[in-house]
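Just below is one structure, and these are the notes that go with it.
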Amino acid sequence: MTNPVVLAEVWRRPFLESMHHGHAVVCDDTGQIVQAWGDPEAVVLPRSSSKMIQALPLIESGAAAAHGLTTEHLALACASHSGAAIHTDRVQAWLKHIGKGDHDFRCGPQIPDNTEARYALVKTDQSPCQYHNNCSGKHSGFLTLAKHLGAGPDYIDPDHPVQQACLEAFERTTQETSPGFGIDGCSAPNYASTLHGMARAMAHFAAADADSAEGQLRQSMGLHSDLVAGEGRACTRLMRAMDGKVAIKTGAEGFFIAILPEQRMGVALKISDGATRASECAIAQILVNLGALDPNHPEALAFTNGAIKNRRDIETGHLRAAPALL
């Protein structure tokens, strides 16, 4: 990735202490670039920001309808959740509903990010299960699709019908032939595209009819922002601040996307050093710029000009959107 631009800055009193460089693209519903920072043709791994694309075959195959999946299930299929009870109870119920168990997952166990859930495991001397994994909703969708297709248990294999369906959906929505994939934290293939391709895919989701697979996923995320991430998380906080009208999704290593139905636009951004704090700051400022997020909303200010405090709760600096975004 060449020629990144500064998208977020850390200021400590009058001193510019740190800078986060990256790339970002805004596309309209024709797939054309409306605005870009850095290199829009940079090849990226979108990580968990591509989960709504990976969830398309779940609906398009008829699996979601056949198994009576609700908007909550669809939101979880797109989620990187915190492992709170609100998430894990629903994932376990989903598994039971399709006749599967934790042993059928291929995502691996994970200590919950949610403090209450994490402490509950520690206090009872329990080990985390696979349903605690932040991607267990996506994997529940994979298992449902695999069952519907009558496919084998190793649904994360790149040659498995589930992953082949995900690749087809990825290339169709990005309008690119993927140059390959990396293995994600949850062991599933994560296909690469250009940043432009991901923004184009998100604009496709933004412009899709409400009753389409893309529309159903987009709306489910907005309806259940608490399931997509969790309390205190940027995705949940910012979607609430926009009254669920915009769907946004973080991805590991400083990735973020936004789906803006009213503007019929999509956004994709990548922070070069992989810093999540910078991707959260940058996406919030871009949402402000596009008129989707009130610049004076407390949550907007928390991310675009967020206070940095020390252990005595003294404000020592700010994480701010860089001038290039203002």
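The values are calculated or read from the model by the stated rules, or taken from the named source; none is laboratory data. Fair warning: this is a prediction, and the values are worked out from it, not measured in the lab. Cβ coordinates were reconstructed from backbone atoms using ideal geometry, including for glycine residues, and neighbour counts include every protein chain displayed. Ligands, DNA and RNA are excluded from the accessible area calculation, which covers all protein heavy atoms including side chains. Shrake-Rupley method; radii C 1.70, N 1.55, O 1.52, S 1.80 Å.
Can you pull the one-decimal nm distance between simple spin-label points at T71 and W11, each 7 Å off the Cα toward Cβ?
Label at T71, label at W11, 4.0 nm between them.
Reachable lysines from K100, Cα under 22 Å, same-chain residues fewer than 8 places away excluded?
Correct list for K100: K51, K138, K147.
What do you get when you divide the Cα radius of gyration of the chain by 2.2 N^0.38 Å, with N the number of residues?
Here the answer is 0.96, to two decimals.
Restricting everything to alpha-carbon atoms, can you work out Rg to Rh for region 1-153 with a Kirkwood hydrodynamic radius?
Rg/Rh for region 1-153 comes to 1.09.
Could you work out the relative contact order of the chain, using alpha carbon pairs under 8 angstrom and six or more residues apart, expressed as a whole percent?
Once normalised by length, the contact order is 24 percent.
Quick one: with all protein chains in place, what share of the accessible area of the chain is carbon or sulfur, to the nearest percent (1.4 Å probe)?
It is 50 percent, rounded to a whole number.
What order, most packed first, do the peptides 75-87, 307-319, 17-29, 289-301 have when packing is the mean number of other Cβ atoms within 10 Å of each residue?
75-87, 17-29, 289-301, 307-319
Considering every pair of different Cα atoms, what Kirkwood radius, in Å, is found for region 198-326?
14.9 Å
How many Å³ per residue does the convex hull of the Cα positions in region 237-284 occupy?
Dividing the Cα hull volume of region 237-284 by its residues yields 60 Å³.
Among A165, A207, I283, which residue has its Cα furthest toward the positive end of the charge dipole of the chain, with +1 on Lys/Arg Cβ and -1 on Asp/Glu Cβ?
Selected residue: I283.
How many Å² of accessible area per residue for region 6-143, probe 1.4 Å?
Per-residue accessible area for region 6-143 comes out at 43 Å².
Distance from a point 7 Å along Cα→Cβ of N310 to each backbone N in region 1-17: keep the residues under 20 Å and list them by number.
10-17
Compute the accessible area per residue over region 274-326, keeping the other protein chains in place, probe 1.4 Å, unit Å².
Heavy-atom accessible area per residue stands at 50 Å².
Find the relative contact order for region 184-326 and round it to a whole percent, using C-alpha pairs within less than 8 Å whose residues are 6+ positions apart.
Normalised by residue count, the contact order of region 184-326 is 18 percent.
For region 24-64, list log₁₀ I(q)/I(0) at each q in 0.15, 0.18, 0.32 Å⁻¹, using the Debye formula over Cα point scatterers of equal strength and ignoring solvent, two decimals each.
Per q value, in the given order, log10 I(q)/I(0) is -0.55, -0.71, -1.02.
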